[in-house]
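Everything below concerns the one structure shown next.
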Amino acid sequence: MKTLPKLKIINDPIYGFITIPNRLVFDLMEHKYFQRLRRISQMGFSYIVYPGAHHTRFHHALGAMFLMQKAVQVLHSKGVVISEKEENALYIAILLHDIGHGPFSHAMENSIVENISHEQISLLFMEALNRKFNMGLTLAIQIFKNEYPRKFLHQLVSGQLDMDRLDYLKRDSFYTGVPEGTVNAQRLIAMLNVKNDALVVEEKGIYSVESFIIARRLMYWQVYLHKTGIVAEQLLVRVLKRAKQLTAKGVDLPASEGLRFFLKNNISLKDFSEEVLNTFSKLDDYDIISAMKIWVGNDDFVLKNLSKMLLNRDLLKVKVKPEPFSLLKLDEKRSTLIETFKISEEEASFFVFTGKLENQAYSMKKDTINLLKKNGKIIDVAKASDQLNLEALSKSVVKYYMCYPKNNKDSYRG
């Protein structure tokens, strides 16, 4: 593989200097598909709650690749054989693992494309890039899809202790200013090893693993599932759904070329041709913000007010509790809205709705984090922990939320 004409390094606020390992990785980073990630927020609308959270998927992808480089170095030092081809494939797989995210990261999956996950779109991007780069990504794709025989390589990319999670916890903690999410990523990586083709953590790393699981739990409740952030994301999903409804009725909404395409067409996975993928690659956060700035002047009550709420941070109220909200309570809130503004029940449903939040810090059912004891025995970290009851953290905690308008009639006027 051709080396870079000169050493390419990037200065990262979390890790310091990140070195680009080879020419192919550099060329992939330079490609427009990857450069788009500079314009995709890593944490969606979380900056509405945490003003510093303006970092991007581009930052995260580079950070995850840096940690993968450290992991490979550690495993090499412990006698784990990883060929140069496998090593480069790991860097490519982790670099591109999130390339399929749409504007504001998760909102697109639930609104203007039909049941398509960002992982599926990431794979489509990787396959398209593979064709462009002379099939140089074939092994990376096999590892990404968990089709390569050496399974621990996939675990480094996608598992309960992968480089993706290690970076986003540390990075999101830094940019939000929430210290509870801080993890000692490089200490954890230093404890990695491979046993029976599976990734393991050496026994002395147990406290670092415990800290990681606790940090993940706290970050989900304090940041990723923060009720205000959830409201903002749900409003964005509803903005896009309403825009798509109106377009289907023949309303010509001003929007960028890429956004107009997805508003006008029902796109499922089977429809994702390379041409559609190219159109998707033109979409980023700026398309959505620009469109909403125009849509606040639209005549439609729903589109106008939802857009205004997001742009002005004048959001719906939200209540969270451990059990589901009654249908009667929902009906009361909707009836008030219908009577006050003379709108339909369907229109009112955009402003009054419920949902659930689920947090599982650790799963004991699949791809567990295993400790390698000094005697060679392998044990699930949840069963080995003597400090904390990690088994309790493996249980899914569910909370329910209800969103409804504030009692401020002026918020819904021109």
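Rule-based calculations on the coordinates, nothing more; no lab input. Everything numeric in this text was worked out from a predicted model, so none of it was measured. Virtual Cβ from ideal backbone geometry, glycine too; neighbours counted across all protein chains shown.
Quick rundown of the values:
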{"quantity": "Neighbourhood net charge (14 Å Cβ-Cβ; Lys/Arg +1, Asp/Glu -1) for Leu253", "calculated": "+3"}
{"quantity": "Cut-off 14 Å, label 7 Å out along Cα→Cβ of Asn146, residues of segment 267-308 by amide N", "calculated": "none"}
{"quantity": "Summed side-chain charge close to Ile143 - residues other than Ile143 whose Cβ falls under 10 Å, Lys, Arg +1, Asp, Glu -1", "calculated": "+1"}
{"quantity": "Loop sites in segment 104-161: chymotrypsin sites (Phe, Trp or Tyr not before Pro), DSSP, at most 16 other Cβ within 10 Å", "calculated": "Phe133"}
{"quantity": "If the convex hull is drawn through the Cα atoms of segment 194-288, its volume per residue in Å³", "calculated": "170"}
{"quantity": "Selection from Gln155, Leu166, His59, by position along the positive dipole direction of segment 9-226 (Cβ)", "calculated": "His59"}
{"quantity": "Cβ-defined net charge surrounding Asp271, 14 Å radius [Lys, Arg +1; Asp, Glu -1]", "calculated": "-1"}
{"quantity": "Sorted peptide list for 170-181, 90-101, 30-41, criterion being average Cβ within 10 angstrom, highest first", "calculated": "90-101, 170-181, 30-41"}
{"quantity": "Residues in segment 306-326 reached by a label modelled at Lys356 [backbone nitrogen below 19 Å; 7 Å Cα→Cβ]", "calculated": "319-326"}
{"quantity": "Filter on Lys264/Lys304; Lys317/Lys365; Lys249/Lys321; Lys377/Lys399; Lys356/Lys406 - keep pairs with C-alpha separation over 26 Å", "calculated": "Lys317/Lys365; Lys249/Lys321; Lys377/Lys399"}
{"quantity": "Isotropic mean projected area of the C-alpha convex hull, segment 259-414 (nm²)", "calculated": "15.5"}
{"quantity": "Most mobile listed residue (His154, His226, His60) in the chain, GNM with C-alpha springs under 10 Å", "calculated": "His226"}
{"quantity": "Largest-first principal axis extents, alpha carbons of segment 9-226, Å", "calculated": "46, 44, 34"}
{"quantity": "Average projected area [Cα convex hull, the chain], square nanometres", "calculated": "21.4"}
{"quantity": "Debye equation applied to the C-alpha atoms of segment 104-213, log10 I(q)/I(0) at 0.09, 0.13, 0.19, 0.23 Å⁻¹", "calculated": "-0.33, -0.68, -1.09, -1.18"}
{"quantity": "Lys, Arg +1 and Asp, Glu -1 on Cβ, resulting dipole of segment 9-226 about Cα centre, debye, nearest 20", "calculated": "240"}
{"quantity": "Calculated FRET value between Asn312 and Val81, using beta carbons and R₀ = 56 Å, to 0.05", "calculated": "0.45"}
{"quantity": "Spacing of the two label points (7 Å from each Cα toward its C-beta) at Glu274 and Ile294, in nm", "calculated": "3.0"}
{"quantity": "For segment 9-226: lysine pairs under 24 Å (alpha-carbon distance), excluding those fewer than 8 apart on one chain", "calculated": "22"}
{"quantity": "Selection from Gln120, Met68, Val49, by position along the positive dipole direction of segment 9-226 (Cβ)", "calculated": "Met68"}
{"quantity": "Loop-resident sites, segment 64-157, for GluC sites (Glu not before Pro), counting at most 16 other Cβ within 10 Å (DSSP)", "calculated": "Glu114, Glu147"}
{"quantity": "Cα-centred dipole magnitude for segment 227-298, charges only on beta-carbon of K, R (+1) and D, E (-1), debye, nearest 20", "calculated": "440"}
{"quantity": "Cβ-placed point charges (K, R +1; D, E -1), dipole of the chain about Cα centre in debye, nearest 20", "calculated": "480"}
